[in-house]
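The structure appears below as structure tokens.
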Amino acid sequence: MSEALYATVPIQKRVGVIDAVSTRRAASLLEFGIDDAWKCHDDLEFGDRTFDLRESILATHCCWDTQLIHGHVLLSDRIRTHFHGRYKFLTIMRDPIARAISNYRMAVTAGIASNDPDVWLDSQIARAHSTTYLRYLSGRHSIAPEQEAECLERALSALDLFSLIGFLEEIEAFARDFEKIFGANLTLHKYNQAKGAKVQLTDTQMARLYEMCSADREIYQRARDLKDQLRAET
């Protein structure tokens, strides 16, 4: 998707890449004086440092009128207030359960999560994996259970700010909609597939994950409903 998006930008225009790994390393270096790709990982305790850095990079590119800006960023108050309208917001979503399991699989491979699903489900990183849409769309790195209702309302309202929401399960439809809006064709390839052993969860573990993802499931379903409504109107 990254390569496909970059290829749509005319050569004389700027592309702003907010790279995931380098921003984690830079945040660790700036905050703690160590070049560590995991210290400020998005889903861990000090991930807020990485998201703050990414917001600064995003704001810089917006103020430079960069044509395309791409990366994993929180939809903060400042971004909503100052740059919605000047820029069109796009995102691609995936079924929250499938996404959480994929994130877990990659985290185990990276060594930042236990390969015991019960230990993972009890951990803060599982909380992060199961509230991905809630966190990103409410603009918060981490959300306590008592803050969930407020953040869910904010996240649901944020969906209306997006010019295009795609779904990983229907990526060709995203490409078609992108072309309708921007007049550019996306050539898509598949690279970043999860590595490592597949995750096997019991029915009990799946039920627990399903409950943990309740807010993300509601956000995902609202996005689906909005998409169906738009298709019906057109």
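The values are calculated or read from the model by the stated rules, or taken from the named source; none is laboratory data. Computed from a predicted structure; not experimentally measured. Cβ coordinates were reconstructed from backbone atoms using ideal geometry, including for glycine residues, and neighbour counts include every protein chain displayed.
For the stretch 2-44, name all the residues that are closer than 19 Å to Q124 by Cβ and either among the acidic types (D, E) or in a loop (DSSP other than H, G, I, E, B) (or both).
The answer is E31, D36, A37, W38, K39, C40, H41, D42, D43, L44.
Can you tell me how many residues within the stretch 1-39 are of a type in the set (F, W, Y) and within 25 Å of G183 (Cβ to Cβ)?
1
Please determine, by comparing only the residues of the stretch 67-102 that are aromatic (F, W, Y) and outside any helix (DSSP H, G or I), which one is nearest to C151 (Cα to Cα). Quick ask: steps written out before the conclusion?
Residues of the stretch 67-102 aromatic (F, W, Y): 83, 87, 89.
Adding the requirement that they be outside any helix (DSSP H, G or I) leaves 87, 89.
On the way: Y87: 23, F89: 19 Å.
The selected residue is F89.
Quick one: count up the residues across the stretch 103-127 that are part of a helix (DSSP H, G or I) and either of a type outside the set (S, T, Y) or modelled with pLDDT of 95 or more (or both).
Qualifying residue count, the stretch 103-127: 16.
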